[in-house]
Amino acid sequence: MRFSLFMAIGLSATMAMAQARQVDPVAVSIMDRMASVIGNLQSCSFSLSASNDINDYPYGMTTHFTESEVQMLGPDKMLIHSRGDDHHKGFWYNGDKIVYYSYAENNYAVMDAPGNILSAIDSVHHTYGIDFPAADFFYPTFTDDILVHFDEVQYIGEKKLNDKECFHIKASNKDMVVQFWIADDAFNLPMRFSIVYLNQEGNPRYEATFKDWKINPVLPQAIFEFAAPPGARQIAIAVKNTTTSKK
């Protein structure tokens, strides 16, 4: 998901709050199970294929595509390789620094980061405005964040996605409609999600599909250390203007 979509204002949603809204307890149970499985992973890797509608002047709404490969080794190692219509970039996190590298421009930036993956993602997002693919699913507060931010949470039923049975969940508020497809198997991992932004002109859509999930793979420590290619130039990334930026 585009990171910070469900960044909670208060992380203590309760079932009493859920009952005051239109929330299906089956949907809550499925999301809790998914979050529990993800929270207990020692390591994982997956690919994410995403499409994103953008108001692209002077052409109007156009769709852009991104392919990302993600490796995580808990609690403090992450590698992301992302290629899209307008970028080819990578992020390396080793528990101390996050390095951003542009393959197209052969330049890189080094950013200080806290000592675990989620805190590092938070810090870099808030400081530099950098988003990370599908990061929301890895927060232990995922279900609570949904209950805080959405007025309706519905369990739609089982749907087949690429020959796999999935639980289909829909969450909505006045600003957006989000749908999740979560695997109906032993692991209950996310398989696809979509977001429709009702508060933006043209109601743009973001959709992403998870592929090639690997559970607790052996990931060498060396892959999380960035080695600058020959001729690469170190640059500085501008700090996000917190007085004018909006989540």
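Annotations
- Summary value for the chain: 25 percent relative contact order, contacts being C-alpha pairs under 8 angstrom separated by 6+ residues.
- Here each label is just a point 7 Å from Cα along the line to Cβ, and for residue 112 and residue 161 those points are 3.9 nm apart.
- Which listed pairs, of 77/211; 89/174; 170/211, have C-alpha distances above 23 Å, in listed order: 89/174
- Heavy-atom accessible surface of the chain: percent carbon and sulfur, 1.4 Å: 50 percent
- Surface accessible to a 1.4 Å probe, per residue, for the residues of the chain, Å²: 51 Å²
- Approximate spin-label separation residue 222-residue 63, in nm, with each point projected 7 Å along Cα-to-Cβ: 4.1 nm
- In the assembled protein chains, residue 139 presents an accessible area of approximately 30 Å² (probe radius 1.4 Å).
- Taking a Cβ cut-off of under 14 Å around residue 97, the surrounding Lys, Arg, Asp and Glu residues balance to a net charge of -3, with basic ones at +1 and acidic ones at -1.
- Helix-only CD estimate at 222 nm, as mean residue ellipticity for the chain, using -39500 (n - 2.57) per DSSP H run (n ≥ 4): -5000 deg cm²/dmol
- Spacing of the two label points (7 Å from each Cα toward its C-beta) at residue 26 and residue 40, in nm: 2.4 nm
The values are calculated or read from the model by the stated rules, or taken from the named source; none is laboratory data. Every value quoted in this text rests on a predicted model; they were computed, and no experiment measured them. A quick note on method: Cβ atoms are made from the backbone with ideal geometry, for glycine too, and the neighbour counts reach across all protein chains shown. What goes into the accessible areas is simple: the full protein's heavy atoms, side chains included, and nothing from ligands, DNA or RNA. Shrake-Rupley method; radii C 1.70, N 1.55, O 1.52, S 1.80 Å.
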